[in-house]
Structures are given as structure tokens and as C-alpha cells.
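**Q** Mind having a look at this structure? Questions to follow.
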Amino acid sequence: MVLGNREYVPSIEKKYGRPVAEWKELIRSSPLTRHMELVAWLKTEHGLGHGHANALVAHTLAEKG
């Protein structure tokens, strides 16, 4: 999986202690559907920084088609 920058995946996993697959599953299971709503949710409820939250949401939503 590529999130644009190769450093993003290991830095997300190291900084927040969860594998990227787990973050993506949280995003998919959220009742929220809009990009910026999901980014804000990850930031406020899970403490992610904006760049990491944005990258995870963008990649997860792109997989949905």
C-alpha cells in the first residue's frame, strides 16, 4: 500500500501504535462519509495529526471507488 509518501505508513504506525489496516477499518466502519468529517473525527477522537488523518482518509475513500 502506498499513501503518497513511503514514510507515511511507518510513521503512522509508529506514532499512533496501530497498523494502517486498523485505521482504515475504523474509517470504513464510521458512520461519517465525507472526507473532512472523517479527518476531523480522526484528529479529535483519535489524536491524529492533520497530514496523517488526511492521508488515511484519502486512501481509504479512494479504495471504495
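The values are calculated or read from the model by the stated rules, or taken from the named source; none is laboratory data. Because the structure is predicted, anything quoted here is derived from the model rather than measured. Side chains are part of the model used for accessible areas, which takes the heavy atoms of the whole protein and leaves out ligands, DNA and RNA. Shrake-Rupley method; radii C 1.70, N 1.55, O 1.52, S 1.80 Å.
**Q** Quote to one decimal, in nm, the extra length available between Thr44 and Lys64 on full extension: 0.36 nm per residue of separation minus the C-alpha distance between them.
**A** 4.8 nm
**Q** Just the number, please: carbon plus sulfur as a percent of the accessible area of the chain, 1.4 Å probe, no ligands or DNA/RNA counted.
**A** 52
**Q** Counting helices only, and only those DSSP H runs with n ≥ 4, report the 222 nm mean residue ellipticity of the chain as the sum of -39,500 (n - 2.57) divided by its residues, in deg cm²/dmol to the nearest 500.
**A** -21500 deg cm²/dmol
**Q** Mind sorting out which of [x] 1.46; [y] 1.23; [z] 0.98 is the real Cα Rg over 2.2 N^0.38 Å computed from the coordinates?
**A** It is the one labelled [z].
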